[in-house]
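Working notes, structure below.
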Amino acid sequence: MVALAFVLVAVGSPFKVAAKEPQYFELRTYTTASEAQRERVNDYWQNAAIPAYNRMGIRPIGVFTEQEDSATNKVYVLMPCDSLEIFGKIPEKLAADAEYQKAAAEFLSAPKTNAAYERFESSLLVAFDGMKHMAVPPVDKRPNIFELRTYMSPSEAKGLNKIKMFESGEIMVMKEVGLAPIFYGRALAGSHMPCLMYMTCGENTDEHKKHWSAFSASPVWKQLQADPQYKDNMIGMIRVILKRMPASQI
């Protein structure tokens, strides 16, 4: 079994941030009602938002949609920031960016009779200590399938316990078997809290399933799963299989 090769990418920024500090992630989820709306969301990010975020030093930005096509597919946008200060300055910088305002004007002012999307939700996440920065594949080995998981816990303490479980071996095993994690984050704001979210990726569906099978068979995972200290730290999971959209830099 050959794992995808990845390199860690530390997002550049105009602010000085200690290397030991974790990144923050915004995960934005657009609800759409048609392929035309998904194309408008993609075009907005590709032609207006991503160039503007990149000018701020925020990169790479991932843009995804569900693997199986349907009229109501959602669009997921993943943005890394090196600090909350950077995240907090985004609206101000976008408002002052004339190039962005011109490129985004039609999207930002779309009327209700021709809405660009239905609604969007946003989650703010902080990276785990066990993987403080986003990891992305090199350009010549870009994956074709992405899996976004949300793990919900019954309480905040149990949520932290689940993160401890990840950092005690789960992350290591996922990397070893080729699941190629892109990020792990604890939700600071958003829906389904308390929860954590993470994304893995793979060459294709079959290989991705093989990597999960190898994870399930890992002695380290089995030991963690049987450890009573980690009992009942989850009450549910949301799993979405995604594919890259044209705007994506991941």
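The values are calculated or read from the model by the stated rules, or taken from the named source; none is laboratory data. Quick caveat, the model's predicted, so the values are computed rather than measured. Because the Cβ atoms are built from the backbone with ideal geometry, glycine has one as well, and the counts that use them run over all protein chains shown. With ligands, DNA and RNA removed, areas are computed over all heavy atoms of the protein, side chains included. Shrake-Rupley method; radii C 1.70, N 1.55, O 1.52, S 1.80 Å.
Worth pointing out:
- Shown for the stretch 203-242 is the translational diffusion coefficient from the Stokes-Einstein equation, using the Kirkwood radius over Cα pairs, a temperature of 20 °C and a viscosity of 1.002 mPa s: 176 µm²/s.
- Of the residues Ser153, Met165, Ser123, the one whose Cα sits farthest towards the positive end of the charge dipole of the chain is Met165 (charges of +1 on Lys and Arg Cβ, -1 on Asp and Glu Cβ, taken about the Cα centre).
- Per-residue packing, averaged as other Cβ atoms within 10 Å, sorts the ranges 164-170, 24-30 into the order 24-30, 164-170, beginning with the highest.
- Surrounding net charge for Asp129, when Lys and Arg each add one and Asp and Glu each subtract one, Cβ distance under 11 Å: +2
- Charge sum, other residues only, whose C-beta stays under 12 Å from Arg40's C-beta, Lys/Arg counted +1 and Asp/Glu -1: -4
- Using only side-chain charges placed at the Cβ, +1 for Lys and Arg and -1 for Asp and Glu, the dipole size of the stretch 53-94 relative to its Cα centre rounds to 260 debye.
- Overall dimensions of the chain, expressed as equivalent-ellipsoid semi-axes from the Cα gyration tensor (√(5λ), whole Å, largest first), are 31, 20, 18.
- Taking 0.36 nm per residue of separation and subtracting the current Cα-Cα distance, fully stretching the chain between Ser155 and Glu99 would add 15.7 nm.
- With the charge dipole of the chain set up from +1 on Lys and Arg Cβ and -1 on Asp and Glu Cβ about the Cα centre, the Cα lying farthest toward the positive end among the listed residues Leu84, Thr29, Ala48 is that of Leu84.
- Theoretical ellipticity at 222 nm over the chain - DSSP helices of four or more residues, -39500 (n - 2.57) apiece, nearest 500: -9000 deg cm²/dmol
- For Ser248, solvent-accessible area (1.4 Å; no DNA, RNA or ligand), Å²: 10
- Computed over the chain, relative contact order equals 29 percent, with contacts defined as Cα pairs under 8 Å that lie 6+ residues apart.
- Every Cα-Cα pair in the stretch 97-165 was counted, and those over 19 Å apart are 66% of them.
- If only the Cβ of Lys and Arg carry +1 and only the Cβ of Asp and Glu carry -1, the dipole of the chain around its Cα centre is close to 260 debye.
- Here's the list of lysines a cross-link from Lys89 could span, going by alpha-carbon distance under 16 Å and ignoring same-chain residues fewer than 8 apart: Lys16.
- Note on the stretch 57-77 and the stretch 201-227: Cα centroid distance 25 Å, given to the nearest whole angstrom.
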